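The values are calculated or read from the model by the stated rules, or taken from the named source; none is laboratory data. Quick caveat, the model's predicted, so the values are computed rather than measured. Note that each Cβ is placed from the backbone with ideal geometry, even for glycine, and that neighbours are counted across all protein chains shown. All accessible areas refer to the heavy atoms of the entire protein, side chains included, with ligands and DNA or RNA removed. Shrake-Rupley method; radii C 1.70, N 1.55, O 1.52, S 1.80 Å.
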Amino acid sequence: MTPLLELRQVGKVFGGVIALRDVSLTVAAGEVACVLGDNGAGKSTLIKILSGVHRQDTGEYLVDGSPVRLAGPRDALDRGVATVYQDLAMIPLMSVWRNFFLGSEPTRGLGPLRRFDVARARRVAREELRAMGIDLRDVDQPVGTLSGGERQCVAIARAVHFGARVLILDEPTSALGVRQAAMVLRHVVRARDRGLGVVFVTHNPHHAHPVGDRFLLLNRGASLGEYPRTAITREELTSLMAGGAELEQLAHDLANPSET
Amino acid sequence: MTAGTLDERVAAAGAPRRLLIRPELGAVAGAVAVFAFFASQSATFRSAAGMANWLDPAATLGIMAVAIALLMIGGEFDLSAGVLTGTVGLVLVTLATRYGWSVWAAMLAALALALLVGFLNGLAVVRTRLPSFIVTLGTLLMLQGLNLGVTKALTGTVQVGGLRGAEGFEAARSALAGTFTVGGTEFRVAILWWIGVTALATWVLMRTRAGNWIFAVGGDAQAARAAGVPADRTKIALFMTTAVAAWLVGSILALRLTSVQANAGIGQEFVYIVAAVIGGCLLTGGYGSAVGAAIGALIFGMVDKGIVFAGWDADWFTFFLGGMLLLATLANRLVRRYAEEVRR
């Protein structure tokens, strides 16, 4: 099966800094690809290339098996590649359904009577959220009253509704508590089960391991390898990340203070 | 926890919260209290004639307050709107009396000028990203100088008058500054304009795409842009809407008084903002209602005339109003906190 999205030996240089070097990644429909790395590993650059904000300097970006050069985020969106950023682009004081359709409001009527189809917007927002397993009691409540996890879930549901085939999630669990993070992970799986490809970018192996089908590890802009789920344990994942070796050294040093 | 079950603490939120987050709630409560108070103090106040009397200042103020409320929900201020009503009146009367234009043609010219001022205000704000408070303060001062300077240069005095003799005056007057009779009491037509403007603004705000965009650009312009909302166009359109309201009110007042002072409208800009804030608009934008602003203007009208009917010294008016403003702002802040408490 042709992957929905594929990067081949992609590199990106900013001025004199190599931000990304020879990184490859494939995402198939119904699959979660996790991108793991510490701060400065190149995760943000990778997201920006995938979402069309930056163009790669070397290598190829393929959507549905054919190479593309994205003109910008709108172009990516039109090809079904949607990015949910950490800061979410939602308006806290506006209701859930108003946020859900912001910028793409359904209308009815013609000419000066053309109006926001409020009944439909409410209904569709509720249905789409329920289809994602998010049962908000009241889509009229302001987004500001939702928890961080619920907000992420609404953003994911919005991206799915507006035709996303590949979801790129930028650190969706990083600011959340344990339970909230679990809720978001559940919806990542749900999106996968609906046949979407998901790129889940995180620095937390404990969040990535339960949901990922494959893992791309980044360190200082280069790939440390791409592993299928069966080939790697959570412990290996943790220790492979940049912090792993340092943490072991720290634990060792603390356990044997005389040696240092 | 099963999938789809939310935090069990959410269950506490219900009908009271939904009612409380209506932005106009505080204004409605305030209006009822003010009415009850003055009605108990003065029989004239609660009579039909008295009602016609205090609805009149509420109407012209209300038209402006509703437009300013839309602008404030969109996250901006317009301090020049008050003086612009004066500019409109001066242009209208000058063209109709000194240059022999018909009243209708003079009104059209004044409308074009008002739209230009609104457009320039909006353009300056979105292009420079300066606070609209400063930009429109500049416009306020410039218009104030122009109003006085041009009027003096043309007439040698600080007022223009004699509109009664102009062509089309009677028709324009009955449409904008006339009266209608209900149960033997004459009411100003401006009251109907006020109700119409409020209804239209509410419809736009709650039931059109533009309304969604207004809330969004005021709530978080950056996020709105990211979602594909034409934020700059929305803001410029809001400034132009305010200018159209200033044109309407300036024309109503000019036709009613048939003469306009060169300093007309100065100081009114804050009254509009006060009415909008009493009506539930947040100073930070993104929240408020047109109906609330209209009720804020109603409170204003009731207090303005009620103090006189109750036989008090009218000098106390602004003191009373300042107190109302502080109370309303505090109430709004509490409501907003309650509404957008983030549960983690």
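Looking only at the range A:181-212, which residues are charged (D, E, K, R) and surrounded by fewer than 17 Cβ atoms within 10 Å (Cβ to Cβ)? Show your work before the answer.
Going residue by residue through the range A:181-212, those that are charged (D, E, K, R) are A:186, A:190, A:192-194.
Within the range A:181-212, A:193, A:194 qualify.
Looking only at the range A:45-66, which residues are closer than 15 Å to residue A:11 by Cβ and open to solvent by 60 Å² or more (accessible area, probe 1.4 Å)? Explain how you work it out, then say what you get.
First pass over the range A:45-66, keeping only residues closer than 15 Å to residue A:11 by Cβ: A:45-46, A:48-50, A:54-61.
The answer is A:48, A:55, A:57, A:58, A:60.
Would you mind finding the one in A:42, A:80 that is among the small types (Gly, Ala, Ser) and either over 20 Å from residue A:191 (Cα atoms) or in contact with a helix residue (DSSP H, G or I) (Cβ under 6 Å, 6 or more places away or on another chain) (or both)?
On the way: A:80 fails: either over 20 Å from residue A:191 (Cα atoms) or in contact with a helix residue (DSSP H, G or I) (Cβ under 6 Å, 6 or more places away or on another chain) (or both).
Checking each option against the conditions leaves just A:42.
Counting only residues that are open to solvent by 40 Å² or more (accessible area, probe 1.4 Å) and either more than 14 Å from every other protein chain (Cβ to nearest Cβ) or among the hydrophobic types (A, V, I, L, M, F, W, C) (or both), how many does the range B:216-231 have?
Step one: list which residues in the range B:216-231 are open to solvent by 40 Å² or more (accessible area, probe 1.4 Å), which gives B:220, B:222, B:225-226, B:228.
Now drop any that are not either more than 14 Å from every other protein chain (Cβ to nearest Cβ) or among the hydrophobic types (A, V, I, L, M, F, W, C) (or both), which leaves B:226.
Counting residues in the range B:216-231 that are open to solvent by 40 Å² or more (accessible area, probe 1.4 Å) and either more than 14 Å from every other protein chain (Cβ to nearest Cβ) or among the hydrophobic types (A, V, I, L, M, F, W, C) (or both) gives 1.
Out of all the residues in the range A:110-121, which are modelled with pLDDT under 90 and within 12 Å of residue B:208 (Cβ to Cβ)?
So in the range A:110-121, the residues modelled with pLDDT under 90 come out as A:110-113.
Scanning the range A:110-121 gives A:112, A:113.
Any idea which of (1) within 20 Å of residue A:157 (Cα to Cα); (2) within 12 Å of another protein chain (Cβ to nearest Cβ); (3) of a type in the set (Val, Ile, Thr) is the one residue A:53 doesn't satisfy?
Result: residue A:53 fails condition (1) only.
Would you mind telling me which numbered condition in (1) surrounded by fewer than 21 Cβ atoms within 10 Å (Cβ to Cβ); (2) among the small types (Gly, Ala, Ser); (3) in contact with a helix residue (DSSP H, G or I) (Cβ under 6 Å, 6 or more places away or on another chain) residue B:156 fails?
Every listed condition holds for residue B:156 apart from (3).
Of everything in the range A:1-50 that's hydroxyl-bearing (Ser, Thr, Tyr) and closer than 18 Å to residue A:213 by Cβ, which residue is modelled with the lowest pLDDT? Even if it seems obvious, please write down each step before you answer.
Going through the range A:1-50, the residues hydroxyl-bearing (Ser, Thr, Tyr) turn out to be A:2, A:24, A:26, A:44-45.
Pick out the ones that are also closer than 18 Å to residue A:213 by Cβ and you get A:2, A:24, A:26.
Details: A:2: 82, A:24: 90, A:26: 90.
By that ranking, first place goes to A:2.
Against the conditions (1) closer than 13 Å to residue A:146 by Cβ; (2) modelled with pLDDT under 90, where does residue A:99 fall short? Just the number, please.
(2)
Tally time: how many residues in the range A:139-164 are within 11 Å of chain B (Cβ to nearest Cβ) and either open to solvent by less than 10 Å² (accessible area, probe 1.4 Å) or free of Cβ contacts under 8 Å to residues at least 40 places away in the same chain (or both)? Break it down into steps so the answer makes sense when it comes.
Taking the range A:139-164 as the starting set, the residues that turn out to be within 11 Å of chain B (Cβ to nearest Cβ) are A:140-151, A:153, A:155, A:158, A:162.
Subsequent filtering for residues that are either open to solvent by less than 10 Å² (accessible area, probe 1.4 Å) or free of Cβ contacts under 8 Å to residues at least 40 places away in the same chain (or both) retains A:143-150, A:153, A:155.
Within the range A:139-164, residues that are within 11 Å of chain B (Cβ to nearest Cβ) and either open to solvent by less than 10 Å² (accessible area, probe 1.4 Å) or free of Cβ contacts under 8 Å to residues at least 40 places away in the same chain (or both) number 10.
Quick check on residue B:119: is it within 19 Å of residue B:230 (Cα to Cα), out of contact with any Asp or Glu (no Cβ under 8 Å at 6 or more places or on another chain) and in contact (Cβ under 8 Å) with a residue 40 or more places away in the chain? Break it down stepwise before answering.
Working: within 19 Å of residue B:230 (Cα to Cα): yes; out of contact with any Asp or Glu (no Cβ under 8 Å at 6 or more places or on another chain): yes; in contact (Cβ under 8 Å) with a residue 40 or more places away in the chain: yes.
Yes.
Mind listing whichever residues of the range B:279-293 are open to solvent by 10 Å² or more (accessible area, probe 1.4 Å) and part of a helix (DSSP H, G or I)?
Scanning the range B:279-293 gives a single hit, B:291.
Test residue B:186 against the criterion of being in contact with a strand residue (DSSP E or B) (Cβ under 9 Å, 6 or more places away or on another chain) and of a type in the set (Asp, Glu), and give yes or no. Reasoning before the result, please.
Working: in contact with a strand residue (DSSP E or B) (Cβ under 9 Å, 6 or more places away or on another chain): yes; of a type in the set (Asp, Glu): yes.
Yes, satisfied.
Can you spot a residue in the range B:111-126 that is touching a strand residue (DSSP E or B) at 6+ places or on another chain (Cβ under 6 Å), surrounded by fewer than 19 Cβ atoms within 10 Å (Cβ to Cβ) and either more than 20 Å from residue B:252 (Cα to Cα) or not β-branched (Val, Ile, Thr) (or both)?
First, pick out the residues of the range B:111-126 that are touching a strand residue (DSSP E or B) at 6+ places or on another chain (Cβ under 6 Å): none.
No, because not a single residue in the range B:111-126 is touching a strand residue (DSSP E or B) at 6+ places or on another chain (Cβ under 6 Å), surrounded by fewer than 19 Cβ atoms within 10 Å (Cβ to Cβ) and either more than 20 Å from residue B:252 (Cα to Cα) or not β-branched (Val, Ile, Thr) (or both).
Looking at (1) open to solvent by 10 Å² or more (accessible area, probe 1.4 Å); (2) more than 9 Å from chain B (Cβ to nearest Cβ); (3) assigned to a loop (DSSP other than H, G, I, E, B); (4) not aromatic (Phe, Trp, Tyr), which is the only condition residue A:112 fails?
Failed condition: (3).
Can you name every residue in the range A:100-109 that is more than 7 Å from chain B (Cβ to nearest Cβ) and open to solvent by less than 20 Å² (accessible area, probe 1.4 Å)? Steps first, answer last, please.
Taking the range A:100-109 and keeping what is more than 7 Å from chain B (Cβ to nearest Cβ), we get A:100-101, A:106, A:108-109.
Correct list: A:100, A:101, A:106.
Scan the range B:205-215 and give yes if some residue there is assigned to a loop (DSSP other than H, G, I, E, B), crowded, with 19+ Cβ neighbours inside 10 Å and away from every other protein chain (no Cβ under 14 Å), otherwise no.
So in the range B:205-215, the residues assigned to a loop (DSSP other than H, G, I, E, B) come out as B:208.
From what is left, the residues that are crowded, with 19+ Cβ neighbours inside 10 Å are B:208.
Filter once more, keeping what is away from every other protein chain (no Cβ under 14 Å): none.
Among the residues of the range B:205-215, not one is assigned to a loop (DSSP other than H, G, I, E, B), crowded, with 19+ Cβ neighbours inside 10 Å and away from every other protein chain (no Cβ under 14 Å), which makes the answer no.
Residues of the range A:4-25 being part of a strand (DSSP E or B) and open to solvent by less than 30 Å² (accessible area, probe 1.4 Å), which ones?
A:5, A:7, A:10, A:11, A:12, A:19, A:20, A:23, A:25
Looking at (1) open to solvent by less than 30 Å² (accessible area, probe 1.4 Å); (2) modelled with pLDDT under 90; (3) more than 7 Å from chain B (Cβ to nearest Cβ); (4) closer than 14 Å to residue A:160 by Cβ, can you tell me which one residue A:134 breaks?
With respect to (1) open to solvent by less than 30 Å² (accessible area, probe 1.4 Å); (2) modelled with pLDDT under 90; (3) more than 7 Å from chain B (Cβ to nearest Cβ); (4) closer than 14 Å to residue A:160 by Cβ, residue A:134 is out only on (3).
Within the range A:86-99, can you find the residues that are more than 7 Å from chain B (Cβ to nearest Cβ) and either among the small types (Gly, Ala, Ser) or open to solvent by less than 20 Å² (accessible area, probe 1.4 Å) (or both)?
Filtering the range A:86-99 for residues more than 7 Å from chain B (Cβ to nearest Cβ) gives A:86-88, A:95-97, A:99.
Correct list: A:95, A:96, A:97, A:99.
Give the residue, chosen from B:75, B:82, that is surrounded by 17 or more Cβ atoms within 10 Å (Cβ to Cβ) and under 26 Å from residue B:253 (Cα atoms).
Values: B:75 fails: under 26 Å from residue B:253 (Cα atoms).
That would be B:82, the only listed residue that is surrounded by 17 or more Cβ atoms within 10 Å (Cβ to Cβ) and under 26 Å from residue B:253 (Cα atoms).
Quick check, is residue B:196 open to solvent by 80 Å² or more (accessible area, probe 1.4 Å) and not hydroxyl-bearing (Ser, Thr, Tyr)?
Details: open to solvent by 80 Å² or more (accessible area, probe 1.4 Å): no; not hydroxyl-bearing (Ser, Thr, Tyr): yes.
Considered against the rule, which asks whether it is open to solvent by 80 Å² or more (accessible area, probe 1.4 Å) and not hydroxyl-bearing (Ser, Thr, Tyr), residue B:196 comes out as no.
Which residues, taken from the range A:122-131, are open to solvent by less than 20 Å² (accessible area, probe 1.4 Å) and modelled with pLDDT under 90?
A:129
Run down A:41, A:29, A:119, A:71 and say which single residue is farther than 17 Å from residue A:165 by Cβ, among the hydrophobic types (A, V, I, L, M, F, W, C), away from every other protein chain (no Cβ under 14 Å) and open to solvent by 40 Å² or more (accessible area, probe 1.4 Å). Working first, answer last.
On the way: A:41 fails: open to solvent by 40 Å² or more (accessible area, probe 1.4 Å); A:29 fails: farther than 17 Å from residue A:165 by Cβ; A:119 fails: away from every other protein chain (no Cβ under 14 Å).
Checking each option against the conditions leaves just A:71.
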